Structures are given as C-alpha cells and as structure tokens.
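The values are calculated or read from the model by the stated rules, or taken from the named source; none is laboratory data. Computed from a predicted model, the values in this text were never measured in an experiment. In this analysis, Cβ positions are derived from the backbone assuming ideal geometry, glycine residues included, and neighbour counts consider all displayed protein chains.
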C-alpha cells in the first residue's frame, strides 16, 4: 500500500488536512467493513494517492472517487491506473471536485444499483460536515465507513450518561446504527496527525426510528437540550426554545413524560422522540389557533 504513496511522490497538503493511511490491516478492515463486493458501487471521499482505493478495488467493487487535490486526481488517472492493471482500472471513476459541494447521491446518479456504499479517510477539518451530508442522504446508501479524529468518533457512538453523548450522537442514531470499529495511533499515517484516530461504520436503518418529516424538529430540539449541558432539561430548553412560554414548556415535558429536573445527557433516544412528538403537537395546536377563521 505504501508503494502508492511513494509513487505519488508529493507531500501531503496541510491546507487539505491530508494524512495518508499506511496501516495495511486498517485499510483492509475498512474495505471489509464497507462490505464492498463485486457488483456493488462504493463512493470514496478523498482518495489521495489511492491506498484505500486499491483495497476497495481488490474486493471487486466499482469505485467512484471524488478528490479535491488536483495532484492526486492526475496521479489516480495516470500512474495509479497503470499500477493497478486493466481490470481494476475499468472499475474506477475519478471525479475532481469538492465533496461538500453537492449531496453524495448526485455523484452516483446512474452508476449501478442502489443502495450504495461509501468509505473514506476523511480530512478531520471537514469530517463532521461530510457526515452531515451523508446523514441527510442516508436513504440512498446502505452503509458507509469513515475515519475520524478519535474524540469525534466517540461522540458519534456515545450512549446516555457519558460526556461524549450529545446532539450529534442523536442525529446519527436517528438514521443509522453506528459502530466504532478500531482506533489508530498517529503512527498509522504519513505524515502522522497530532491526535489518535478511529474508524466508525454506519449501517442505515431499514426502519426509521421516527418519521423523517420530524427530523428537523428532532434535531432542533436535541441542539436546544444540549445547549446548556450542566443545566436541567427544563432550563436548557428554556434557552434553546425561547419562543415557548413557561406554561408551554411545562406542558411539553409533561406530554413527553420527561422529568423537568433531568439533564439531557441522561435521556435515552426514545425520550427525545417523545419530546419531538410533543413539540410537534404543541406547534400544530398553536398554528391552528393562530389561523384566521374560515368564511
């Protein structure tokens, strides 16, 4: 795998947050965990010199890779193709572009059957933004496996009653079943980052945990609940949902059967669903009362 990095003979771009993964067992594990296989289509984010790309191609999958670094695009389209051989080369499409500029499914329209797969050793400065795009686009994908800074990865898989548990944990759990696969030290990369890293896989749920139409309300409420982590849920929501009167806030908590003295980090996912449904009902009731009478 390091042969591709040597052939690339370019320094990693600090501006693009590049740290090339060199741990072969980790590369193979990511390819395996992505469940890449013949007949499947994998979207790779930020292939760089192609070390993970090669591991994905070895599974027999078709790979569509989007890369912002023109140097890497030129390498993947020339030297890398020559190194991997005709069969693998025919299954690789390289797109020069910014993965944040469009929804992931737009890169794969017309390419193979859905649901698609995705993988990537993400630049840590945009990793959460990339994940947010995939969460929004989740119905088009079956599974994705990404590399994150370890502390971010812990937030993604966190459970109640932990310091890492927060609105991001809930946004992930609403759409997927996340699993932290392995952690990696800085020495697994070239150049080594200053932090530990972790691989997380996300399996898109066949059955949503709540109505997709309610997701914006759910995420708004979750952000409000964790806006004042050390305060009770009632006080946090008083700041985060400032449009609610004290009476409406008390009604919201009572309808959801959530103690006003509990804290957001103590509440399981289902309590946030209950709060979302209660908030939706309160808003619908308020809207109906505000509507002008019909003739």
- Selection status of residue 155, outside the structural domain of residue 282 (by TED's automatic domain parsing) and buried (at least 17 other Cβ atoms within 10 Å of the Cβ): yes
- Just one of the numbered conditions (1) touching a helix residue (DSSP H, G or I) at 6+ places or on another chain (Cβ under 6 Å); (2) assigned to a loop (DSSP other than H, G, I, E, B); (3) at pLDDT below 95 is not true of residue 165; which one? (3)
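Each row is one residue, and each column tells you yes or no for (1) within 21 Å of residue 183 (Cα to Cα); (2) at pLDDT 95 or above; (3) surrounded by fewer than 20 Cβ atoms within 10 Å (Cβ to Cβ).
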{"site": "130", "(1), (2), (3)": "yes, yes, no"}
{"site": "134", "(1), (2), (3)": "no, yes, no"}
{"site": "146", "(1), (2), (3)": "yes, yes, no"}
{"site": "160", "(1), (2), (3)": "no, yes, yes"}
- Message: Kindly evaluate residue 38 against the criterion of being under 22 Å from the mean Cα position of the chain (by Cα) and in a loop (DSSP other than H, G, I, E, B).
- Response: no
- Just one of (1) at pLDDT 95 or above; (2) more than 30 Å from the chain's Cα centre (by Cα) trips up residue 294, so point out which. (1)
- Query: Within segment 202-226, can you find the residues that are in contact with a helix residue (DSSP H, G or I) (Cβ under 6 Å, 6 or more places away or on another chain) and assigned to a loop (DSSP other than H, G, I, E, B)?
  - Reply: 209, 210, 226
- Considering each of 237, 179 in turn, give the residue that is closer than 30 Å to residue 26 by Cβ and free of Cβ contacts under 8 Å to residues at least 40 places away in the same chain. 179
- Query: Restricting attention to segment 58-68, does a residue exist that is surrounded by fewer than 18 Cβ atoms within 10 Å (Cβ to Cβ) and either free of Cβ contacts under 8 Å to residues at least 24 places away in the same chain or at positive phi (or both)?
  - Reply: yes
- For segment 72-86, does any single residue satisfy the condition of being assigned by TED's automatic domain parsing to the domain that holds residue 167 and in a strand (DSSP E or B)? no
- Among the candidates 98, 86, residue that is surrounded by fewer than 23 Cβ atoms within 10 Å (Cβ to Cβ) and free of Cβ contacts under 8 Å to residues at least 12 places away in the same chain: 86
- Query: For segment 153-177, how many residues are closer than 23 Å to residue 194 by Cα and in contact with a strand residue (DSSP E or B) (Cβ under 8 Å, 6 or more places away or on another chain)?
  - Reply: 4
- Task: Determine if segment 102-115 includes at least one residue that is more than 24 Å from the chain's Cα centre (by Cα), in the same structural domain as residue 149 (by TED's automatic domain parsing) and not in a helix (DSSP H, G or I).
- Result: no
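Residue by residue, here is whether (1) in the same structural domain as residue 165 (by TED's automatic domain parsing); (2) modelled with pLDDT of 95 or more; (3) not in a loop (DSSP other than H, G, I, E, B) holds:
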| residue | (1), (2), (3) |
| --- | --- |
| 238 | no, no, yes |
| 254 | no, yes, yes |
| 262 | no, yes, no |
| 265 | no, yes, yes |
| 274 | no, yes, yes |
| 281 | no, no, yes |
